[in-house]
Amino acid sequence: MAAQILVVEDEPAIQELVAVNLTRAGHDVIRAADAETALRLVREALPDLVLLDWMLPGMSGVELARRLRTEERTRAVPIIMLTARGAEQDKVAGLELGADDYVTKPFSTRELLARIKAVLRRRAPEATEDAVEVGGLRLDPATHRVTAGGAPVTLGPTEFRLLHFLMTHPERVHSRAQLLDQVWGDHVFVEERTVDVHIRRLRSALEATGHDALVQTVRGAGYRFSAQTVG
Ligand code: CA
């Protein structure tokens, strides 16, 4: 599964270089040359990660990062700051604002990709291609295969994404609204009841091996993926 990355960079040559390399690495790239455009794009659809230049015309990258961290909807989006400055105080300021990492120009494509991968793994594991395994249930995003106790499980595309999100965010309660945001994508008009329908399909696909017990209902709150039995 490729990550959707918003590249906010006003220097056309750097923007192009970064976008081409991220696309080549399998990511889905959206571009903005200024913070105002970036904000508009983020309002349309929340990316998996924002690669943000420090020095931008108009609103600065730092100010954009601050705004993203202030708004409830964009608070958790991973941010990597790009900057030509090597000054320690800028790095500290960027990290204090909530940037997840910091890359100083000039940087190598390899370094940038490694940083992106590390941040995604930490902040949005569902956007990486890493296989996940819990209690004999294994999901591999690269091959799009799910097995339970070694036996193949057939899932529809929505059930696959739902299971991937749940498995990469275990032991937490997710409300229906949160699942809609994360699995269906925000700004998608779907009733919350839809979540229940797909949870039911997912459980029924996992029932044969007893792995349906991993997908738990938390009354009045939502759903939780847990290897621990419900008390
Ligand atoms: Ca710049």
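For the range 45-70, the set of residues classified as within 13 Å of the chain's Cα centre (by Cα) and of a type in the set (D, E, K, R) consists of Asp48 only.
Looking across the range 49-76, the residues that are closer than 18 Å to Gly185 by Cβ and at pLDDT below 90 come down to Glu71, Glu72, Arg73, Thr74, Arg75, Ala76. Screening the range 77-105 for residues that are charged (D, E, K, R) and within 15 Å of the ligand (Cβ to nearest atom) and picking the one that is modelled with the lowest pLDDT gives Arg85. Considering only the range 1-11, state which residues are modelled with pLDDT of 95 or more and more than 10 Å from the ligand (Cβ to nearest atom). Ile5, Leu6, Val7 - these are the residues of the range 1-11 that are modelled with pLDDT of 95 or more and more than 10 Å from the ligand (Cβ to nearest atom). Of the residues Leu68, Leu97, which single one is surrounded by 21 or more Cβ atoms within 10 Å (Cβ to Cβ), without any contact (Cβ under 8 Å) to a residue 40 or more places away in the chain and not assigned by TED's automatic domain parsing to the domain that holds Thr143? Criteria check complete, one pass: Leu68. Consider the range 43-59 and keep the residues that are touching a helix residue (DSSP H, G or I) at 6+ places or on another chain (Cβ under 6 Å) and charged (D, E, K, R). The one that is nearest to the ligand (Cβ to nearest atom) is Asp53. When Leu155 is tested against the conditions (1) part of a loop (DSSP other than H, G, I, E, B); (2) surrounded by fewer than 18 Cβ atoms within 10 Å (Cβ to Cβ), the lone failure is (2).
Hey, any hits in the range 25-36 for a residue that's out of contact with any Gly (no Cβ under 8 Å at 6 or more places or on another chain), under 18 Å from Asp101 (Cα atoms) and assigned by TED's automatic domain parsing to the domain that holds Ile80? No: zero hits.
Exactly one condition in (1) surrounded by fewer than 18 Cβ atoms within 10 Å (Cβ to Cβ); (2) away from the ligand (no atom under 15 Å from the Cβ); (3) β-branched (Val, Ile, Thr) is not met by Ile14; state its number. Tallying (1) surrounded by fewer than 18 Cβ atoms within 10 Å (Cβ to Cβ); (2) away from the ligand (no atom under 15 Å from the Cβ); (3) β-branched (Val, Ile, Thr), Ile14 fails exactly one: (2).
In this structure, is Ala208 of a type in the set (A, V, I, L, M, F, W, C), without any contact (Cβ under 8 Å) to a residue 24 or more places away in the chain and either assigned to a helix (DSSP H, G or I) or under 19 Å from Gly135 (Cβ atoms) (or both)? Taking the combined requirement at face value, the residue does not satisfy it. For the range 3-82, the helices (runs of 4 or more DSSP H) that sit wholly inside it and include 2 or more residues that are over 23 Å from Leu95 (Cα atoms) and β-branched (Val, Ile, Thr) are 12-24. Examine the range 139-158 for a residue that is in contact with a strand residue (DSSP E or B) (Cβ under 9 Å, 6 or more places away or on another chain) and basic (Lys, Arg), and state whether such a residue exists. Looking through the range 139-158, at least one residue is in contact with a strand residue (DSSP E or B) (Cβ under 9 Å, 6 or more places away or on another chain) and basic (Lys, Arg). Just wondering, is there one or more residues in the range 172-190 that are without any contact (Cβ under 8 Å) to a residue 60 or more places away in the chain, over 17 Å from the mean Cα position of the chain (by Cα) and on the phi > 0 side of the Ramachandran plot? No, the conditions are met nowhere in the range 172-190.
The values are calculated or read from the model by the stated rules, or taken from the named source; none is laboratory data. Note that the coordinates shown come from a computational prediction; the quantities given were computed from them, not determined experimentally. Cβ sites come from the backbone with ideal geometry, for glycine too, and all protein chains shown count toward neighbours.
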